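The values are calculated or read from the model by the stated rules, or taken from the named source; none is laboratory data. Computed from a predicted model, the values in this text were never measured in an experiment. Note that we place each Cβ from the backbone using ideal geometry, even for glycine, and neighbour counts take in every protein chain shown. Quick note on the areas: whole protein, heavy atoms, side chains included, nothing else; ligands and nucleic acids left out. Shrake-Rupley method; radii C 1.70, N 1.55, O 1.52, S 1.80 Å.
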Amino acid sequence: MKENRPVIALDFPTFEDVKEFLAKFPKDERLYVKIGMELYYAVGPEIVRYVKDLGHSVFLDLKLHDIPNTVKSAMRVLSQLGVDMTNVHAAGGVEMMAAAREGLGDGPVLIAVTQLTSTSEEQMRDFQNIQTSLEESVVHYAKKTAEAGLDGVVCSAHEVAKIKEATGEDFVCLTPGIRPSGASTGDQKRVMTPVDAAQIGSDYIVVGRPITQAQDPVTAYHSIKSEWEQV
Ligand code: C5P
C-alpha cells in the first residue's frame, strides 16, 4: 500500500536540531519521519514521544536482532511508545521475526532488513559463507520475512520487482537511496528518483539529506512529495 508522504530521515545528532527542523513546517502538516539509532540512542524514547505529540508518524529504525524472547519484549516496549513502523534483521530467523510481530502487535508496520546495502556479494560469500548471488539472498530473506508474518522489507528500489514477484504485490517495499532528479547523490551509490521508485512499485521512500540539508527544507519536501505522488 503506497504511502503518499515521503519518509524523512531525521539523521540529526541532537534533540535541538530536530526541534528546529520540524518547526520549519506548517503546524498542520503531518509528516512521516524516520528516527534512527544515532538520534534514539542520544535522546532516548523521549524523541519518539515528542514527534508523536506533534501529530507526525514515526518509523523507528533500530534493526533489532537478538534471541526471540528479548526481541518480543523490546517490541512490546516500542509498541507502547506508539511507533507506526519499526524493523528487525531478517538474519535473526523466522522464529525471531514472528516473536517481534507478537510483541509489537498487528497495528504498526513491521519490516525486515535483508542484506545491508553496504554488504557486497563478495563479502556475503566470504564472511557469511552464503554461496548464492546477493539478489537471491535478498529474495530468500524476503520470502522468509513474509512467512514469519511481517509486512515487508527495506530494500533497494532496484530490488522491488523481484521481491514482489516472490512474495506478492501487498508485501511492503520501503526504499532509501532516493534522489530527486538533478540532486547530488552524496555517498549513495545506486540512487533512483521518486518518480522511478513509484513506477517500480515502492510503497515507501525514505529521503534524508535532499530535504534535511536543503536551503529550504519545506519546499524541497513538497517538491519530492509531488514527484512521488504524481505516479
Ligand atoms: O540522506 P539520505 O537520503 O541518503 O538518507 C537515507 C537514509 O536511509 C539514512 O538514514 C540511511 O541510513 C538509510 N538507509 C540507506 N540505505 C539503506 C538502508 C538505510 O540509505 N540500504
Does residue 140 qualify as being touching a Lys or Arg at 6+ places or on another chain (Cβ under 9 Å) and either in a helix (DSSP H, G or I) or open to solvent by less than 50 Å² (accessible area, probe 1.4 Å) (or both)?
-> no
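Run down 193, 219, 212, 145 and say which single residue is at pLDDT 95 or above and under 22 Å from residue 101 (Cβ atoms).
Numbers: 193 fails: under 22 Å from residue 101 (Cβ atoms); 219 fails: under 22 Å from residue 101 (Cβ atoms); 212 fails: under 22 Å from residue 101 (Cβ atoms).
None of the others qualify; the one that does is 145.
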Residue count, region 143-181 (criterion: away from the ligand (no atom under 14 Å from the Cβ), in a helix (DSSP H, G or I) and either touching a Cys at 6+ places or on another chain (Cβ under 6 Å) or open to solvent by 50 Å² or more (accessible area, probe 1.4 Å) (or both)) = 6
Subset of region 182-211, residues within 9 Å of the ligand (Cβ to nearest atom), open to solvent by 20 Å² or more (accessible area, probe 1.4 Å) and not aliphatic (A, V, I, L, M), comes to 185, 186, 187, 188, 209, 210
Name the pairs whose Cβ atoms lie under 7 Å apart, with the first residue in region 1-25 and in contact (Cβ under 8 Å) with a residue 12 or more places away in the chain and polar (S, T, N, Q), the second within 16 Å of the ligand (Cβ to nearest atom) and open to solvent by 20 Å² or more (accessible area, probe 1.4 Å), and 6 or more positions between them or separate chains?
-> 14/42
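Matching residues to (1) at pLDDT below 95; (2) within 13 Å of residue 144 (Cα to Cα); (3) touching a strand residue (DSSP E or B) at 6+ places or on another chain (Cβ under 6 Å); (4) within 16 Å of the ligand (Cβ to nearest atom):
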position	(1), (2), (3), (4)
61	no, no, yes, yes
66	no, no, no, no
86	no, no, yes, yes
93	no, yes, no, no
99	no, no, no, no
109	no, no, yes, yes
Of the residues in region 5-37, those that are of a type in the set (Phe, Trp, Tyr) and within 16 Å of the ligand (Cβ to nearest atom) come to 12, 21, 32
Pick out the one residue from 86, 132 that is within 29 Å of residue 52 (Cα to Cα), without any contact (Cβ under 8 Å) to a residue 40 or more places away in the chain and of a type in the set (Val, Ile, Thr).
-> 86
Any residue at all in region 61-74 that is surrounded by fewer than 23 Cβ atoms within 10 Å (Cβ to Cβ), without any contact (Cβ under 8 Å) to a residue 60 or more places away in the chain and of a type in the set (Ser, Thr, Tyr)?
-> yes
